[in-house]
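Notes follow once the structure below has been shown.
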Amino acid sequence: MAPALFILLWAAVIPRADLLPDKKSLLLPPTNFTVQVIGLAQVLLRWEPNPDQEPKNVELGYHVRINGPQEEDYETRNTESKRVTVLHQGFSASVQTIPWNGHSLLASDWVSAELKAPPGSPGTSVVNLTCTTNTTLNNYDPLRPFQVSLYCTWLVGKDAPEDTHYSLYYRYGSSTEECQEYRKDTLKRNIACWFPRTFISSRGSDWLAVHANGSSKRATIKPFDQLFALHAIDRINPPVNVTAEIEGTCLSIQWEKPISAFPVHCFEYEVKIYNTRKNYFQTEKMTTNTFISIIDDISKYSIQVRAAVSSVCRQMGFWSEWSQPIYVDEKIALESLGNLLNSACPGSSRYGIQTEVDRFLLQSSQRGARG
C-alpha cells in the first residue's frame, strides 16, 4: 500500500491541463487606484489587486508610470508607493498589473489617477527661488552639536499685485516648518526667508522640499514648489585656525576642518599661496590638513585655504569661500633665517640656504639705504 499511496500523492500535485493559464491570457488591472497628497511635494500612490484575477496562484507585481510633472517608470510588488515631486503643475500616474518572475501572462491594461494643478493666476507665483544651507555650532542641544540654517530668496511674479503676500515653507523628512523671518522689498512684499535653525540633516540624503504660496485681494496667487539636493545648496564653511610659519626654506601651513557634521576624512582642500613680491599665485589640492612648500624667495606671503566635502562621503558640491588671508612677512622670515643652517626642507642644500640668508640681508640693507 505504501508505494500506491506515494503514487497517488505525487499525482495530486499535477495541475490539470485545462486549468493551466493560457500563455496569451491578459492580467486584470488594479482597482481603487488613488493619489493622495501627504506632505509638501509628497504624494502617496495606492491601489488594490483585482479581486477577480485568475489564476490565484500567480505571483503578481505592478508597473508604475509617473506621467507628469516628470516621467518615471518603476516596478514594485507593493500596493502603495511614496513619491517626492513638485505639485504646482499637477500630478498624473498610471499603474498596471504585471507577472512577476517572468511568467508568460500578459500585462494588464493601465489605470490612471491624477491631481489637478492648484488654482492661481498666471505670472503670480514666485520666480527664481534659490536656497542655501549652512552648518553652525549648536549651543542649545548637547545631543546635536551642529545645526543647519536655511536661507531662501525669490523674485515677485511679474503679474503679482502690489498687495501680494508670499509665505514660504520647507519640508525635510517628516518635519515641516513655516518661515518666521522674512526680508521685504520696497512694497513690503516678502522676497527672502531665514530659518536660523531647522530639522535638516547636513549629512542626510533626502530631498529638501520648499513651497511658496501667497494671497492677494486682487488675484489668486499660484503656489510654487521646488526640490533641492542638499549637496547642491550646502554652503560649506571655510577651514578654521589656519596657521603658517617659515622654517628654513620651508613654508609650513596647517589648518583644521570646517565647522561641519562631516568627519575629518570627508574633506578635500585647496591652498592658495600668493607671493607679493613676484605677484605670483600657487594653488595646490590635497586631502590632508597640512601643506609644506619649499620657497626660494624672500618675500611676503599671503595664504588662504578652502574646503569641499569629497565624493567619499557624498556627491560633490561647491567649494567653500576662502579663509581669511594670513601673512608671513619678511620679519618673520628673518627670525627664522637665524636657524636655517641647522634646518631645511628635505632636498634643500646648506649652500642654498646660506644664499637665501645673504640675499635677504642684502635686500634689507638696500631698502634701508633708500629710506
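Roll a 1.4 angstrom probe over the protein heavy atoms and tell me the percent of accessible area of the stretch 166-226 that is carbon or sulfur.
47
When only DSSP loop residues count, what GluC sites (Glu not before Pro) in the stretch 61-167 have their Cβ near at most 13 other Cβ atoms within 10 Å?
Glu71, Glu162
At 1.4 Å probe radius, can you tell me the per residue accessible area of the stretch 87-133 in Å²?
I get 47 Å² per residue for this part.
How much length is gained if the chain between Ser201 and Ser149 is pulled fully straight, taking 0.36 nm per residue apart and subtracting their Cα-Cα distance, in nm to one decimal?
Result for the pair: 17.7 nm of gain on full extension.
Multiplying the sequence separation of Glu75 and Lys158 by 0.36 nm and subtracting their Cα-Cα distance, what value in nm do you get?
25.7 nm
Between Ser311 and Leu44, how high is the FRET efficiency from 1/(1 + (r/R0)^6) when r is the Cβ-Cβ distance and R₀ = 30 Å? Nearest 0.05.
0.35
Take Val37, project a point 7 Å from its Cα along the Cβ direction, then tell me which residues of the stretch 111-125 have their backbone nitrogen under 18 Å from it.
113-125
Among residues other than Leu44 whose Cβ falls under 13 Å from its Cβ, what is the net charge (Lys/Arg +1, Asp/Glu -1)?
Computed value for this residue: +2.
So, for the stretch 171-293, what is the accessible surface per residue at a probe of 1.4 Å, expressed in square angstrom?
Computed with neighbouring chains in place, this is 52 Å² per residue.
Using a 7 Å offset from Cα along Cα-Cβ at Ala229, what residues in the stretch 298-327 end up with backbone N under 13 Å from the label point?
In the stretch 298-327, the label zone of Ala229 (backbone N under 13 Å from the point 7 Å along Cα→Cβ) covers 311, 314-318.
Tell me, what is a quarter of the convex hull surface for the C-alpha atoms of the stretch 102-201, in nm² with one decimal?
That works out to 12.1 nm², a quarter of the Cα hull's surface.
Note the full-extension length gain between Ile326 and Ala107 as 0.36 nm times their separation in residues minus their Cα-Cα distance, in nm to one decimal.
Contour length minus Cα-Cα distance gives 72.0 nm.
Kindly give Rg over Rh for the stretch 124-258, based on alpha-carbon atoms, with the Kirkwood expression for the hydrodynamic radius.
Taking Rh as the inverse mean 1/r over Cα pairs, Rg/Rh reads 1.15.
Give me the tail of P(r) for the stretch 212-266 as a percent: Cα-Cα pairs with distance above 13 Å.
Roughly 77 percent, rounded to a whole number.
Quick one: 3J(HN,Hα) in Hz for the stretch 69-77, Karplus 6.51/-1.76/1.60 with θ = phi - 60°, rounded, Gly and Pro as x.
For the stretch 69-77, the Karplus-derived couplings read x, 10, 6, 7, 10, 7, 10, 8, 9 Hz, x marking Gly and Pro.
Quick check: Cα centre of the stretch 253-268 to Cα centre of the stretch 166-217, how many Å?
That distance is 29 Å.
Could you pull out which residues in the stretch 43-82 have an amide N less than 15 Å from a spot 7 Å beyond the Cα of Thr176, following the Cα-Cβ vector?
Answer for the stretch 43-82: 43-44.
The values are calculated or read from the model by the stated rules, or taken from the named source; none is laboratory data. Computed from a predicted model, the values in this text were never measured in an experiment. Please note: Cβ atoms are built from the backbone with ideal geometry, for glycine as well, and neighbour counts cover all protein chains shown. Ligands, DNA and RNA are excluded from the accessible area calculation, which covers all protein heavy atoms including side chains. Shrake-Rupley method; radii C 1.70, N 1.55, O 1.52, S 1.80 Å.
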